[in-house]
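Have a look at the structure below, then the notes.
Bear in mind these aren't lab numbers, they're just calculated from the coordinates by the rules spelled out. It should be emphasised that the depicted structure is a prediction, and the values quoted were computed from it without experimental measurement. Don't worry about glycine lacking a Cβ; one is built from the backbone with ideal geometry, like all the others, and counts go over all protein chains shown.
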Amino acid sequence: MRHRKGGKQLSRTDAHRKAMLRNLVCGLFLVEPKEGAPRRVTTTVPKAKQARRLAERAVTLGKRGTLHARRQALSLLANKGVVKRLFEDLAPLYSDRNGGYTRVVRLPKFRVGDGTELCYLELVSEAPSTGQKPAEPVAPKVAQKPRGEPKEPGAGAAESEGETQRATEGGAGASQA
């Protein structure tokens, strides 16, 4: 019986699956991102969803920063260089974020050999949103005419006649259609 066993098997033995996910997460932490791009690796969607669990757990351990957390991360990732980078470089970036350090972005292409859906597993790079509106409006407001100014006597009558004629023409055209 397979009761209370979390995660997908991914058609691999326990040791193979553990090593594969460990290598995927180590690759995610070690990759050097391009300018302005997040750290990301390309993989299949089921692998990314399973590796995301391990990556989130590792970043949380890195945020703790204790010796015990470092040893736990070393048992998860089994690579001293990756653990060092995680604790010194990556974890401080997420000190204000409560979870959600990674995202899975599906790609519009499929793997050539078997047609499996591909995706990016990437570390979230932007700061967490505070939920507040920006201080200044995005678009400038249009200046409105002050109310109470008298209109020119001839212009107002011409505007109202033009509007009624357009409304009549629009109404007649709408009933014929």
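Here are a few things to note about the model shown:
- Using the average count of surrounding beta-carbon atoms within 10 Å as a protection proxy, the listed peptides 71-77, 103-109 rank, highest first, as 71-77, 103-109.
- In order through segment 79-89: 3J(HN,Hα) via Karplus (6.51 cos²θ - 1.76 cosθ + 1.60), integer Hz, x for Gly, Pro: 8, 5, x, 5, 5, 4, 5, 4, 6, 8, 10
- For segment 14-123: rounded, prolate or oblate by the Cα gyration tensor [a/c cutoff 1.5]: prolate
- Among 40-46, 95-101, the order from most to least packed when residues are scored by Cβ within 10 Å on average: 40-46, 95-101
- Karplus-based coupling profile of segment 104-116, in residue order and whole Hz: 10, 10, 6, 9, x, 10, 10, 5, 5, x, 10, x, 6, with θ = phi - 60° in 6.51 cos²θ - 1.76 cosθ + 1.60 and x standing for Gly or Pro.
- Size of charge dipole - segment 14-123 - debye, nearest 20, with Cβ of Lys, Arg +1 and Asp, Glu -1, no other charges: 280
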